[in-house]
1. Within the range 30-40, does at least one residue satisfy the condition of being over 16 Å from ILE293 (Cα atoms) and crowded, with 22+ Cβ neighbours inside 10 Å?
2. Tell me, which residue of the range 119-149 that is under 18 Å from GLN91 (Cβ atoms) and of a type in the set (Ser, Thr, Tyr) is surrounded by the most Cβ atoms within 10 Å (Cβ to Cβ)?
3. So which residues in the range 134-176 are among the β-branched types (Val, Ile, Thr) and over 25 Å from ARG15 (Cα atoms), if there are any at all?
4. Mind listing whichever residues of the range 68-106 are of a type outside the set (Val, Ile, Thr), out of contact with any strand residue (DSSP E or B) (no Cβ under 6 Å at 6 or more places or on another chain) and farther than 24 Å from VAL140 by Cβ?
5. Only residues that are of a type in the set (A, V, I, L, M, F, W, C) and within 29 Å of THR112 (Cβ to Cβ): list them for the range 146-175, please.
6. If we keep just the residues of the range 292-315 that are at pLDDT below 95 and over 23 Å from VAL6 (Cβ atoms), which is surrounded by the fewest Cβ atoms within 10 Å (Cβ to Cβ)?
7. How many residues does the range 163-192 hold that are within 19 Å of the chain's Cα centre (by Cα) and either of a type in the set (A, V, I, L, M, F, W, C) or closer than 13 Å to GLY7 by Cβ (or both)?
8. From the list ALA162, ALA196, ALA175, exactly one residue is at pLDDT 95 or above, crowded, with 17+ Cβ neighbours inside 10 Å and not in a helix (DSSP H, G or I). Which is it?
Amino acid sequence: MQQRRVGTTGLKVSRLGLGTMTWGRDTDEHEARDQLITFAEAGGTLVDTAAGYGNGASEELIGRLLGDVVGRDDVVLATKAGVSARRGERQYDTSRGRLLTDLDASLARLGTDHVDLWQVHVWSDETPLEETLSALDTAVSTGRASYVGISNYTGWQTAWSATWQRAVPGRSPLASTQVEYSLLNRSIEAEVLPAAEAMGLGVLPWSPLGRGVLTGKYRTGTPVDSRAASTHFAGFVEPYLDDHGRTIVEAVARAADGLGWRPLDVALAWVRDRPGVTAPIVGARTAAQLRDIVAAEDRELPKEISAALDDVSEH
């Protein structure tokens, strides 16, 4: 698998990242082990998780597999802080104290003394930005994180945060931003991508397959083993099962037929090679699905097909 630099930093990652949002909840240890082996054997290095995934269950599972399935130094380990589930409710807290407490808990679950990339999971109006970003500086200066980034920030939030970190020597510049991006959701192109390019941030798209819809699996209904049939994810997938989404999915399917590819190959190659993108974060339900995804690594989408998909997916 090819390697790319994260923004203007010296950090290099595989141009596909492994997402682990369902690990420890919908994905058990046996399946996670198979996925990690599949990913590593394909040359993948970037493994992305978060303290809020399964309320820490994803990190715990990764911690049990590191050193057993793959060496700690053979992966670029990324996690996030600022989102948690307390008393059954999703909560956001990006205060300095909470972020650093979350980081220490993440390190304990992961069984490591540092992560390669630590990201603020969400923007919060409840905490001054300078306080939130000071936690990133502390993480780097104390060796708990090698690089830092943000996630789910708008364009102006991205530009403000990156500028703040560059304004004074000694602060830790942002390396990356993780945001949703696919043929079904191109909203980041208006402001986030230009801000990231201007400030030297690598872009890590999540849900590059449109929450699974761009694989074409929902063209004739909802498979019983799909995320749209899951109580956890039905509401997450449903917004893309509208008429506009169906039009894009059909265009992707036609392109795939013409190339002799699968729809997921087309959709993933499109987002992977968009300007500014470092590595899409892909999540799979099974190791077999992941093998299908990493098999798209050598696909290069013809320019005319990419342009046609640009046209049909514009709002």
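1. no
2. The extreme case among them is THR132.
3. Result: THR138, THR142, THR163, VAL168.
4. ASP68, ALA85, ARG86, ARG87, GLY88, GLU89, ARG90
5. Once the filter is applied, which keeps residues that are of a type in the set (A, V, I, L, M, F, W, C) and within 29 Å of THR112 (Cβ to Cβ), the range 146-175 yields VAL148, ILE150, ALA162, TRP164, LEU174, ALA175.
6. The residue in question is HIS315.
7. So the answer is 10.
8. Testing whether each residue is at pLDDT 95 or above, crowded, with 17+ Cβ neighbours inside 10 Å and not in a helix (DSSP H, G or I) leaves just ALA175.
The values are calculated or read from the model by the stated rules, or taken from the named source; none is laboratory data. Please read all numbers here as calculations on a predicted model, not as lab measurements. So basically every Cβ, Gly included, is an ideal-geometry build from the backbone, and we count neighbours across all protein chains shown.
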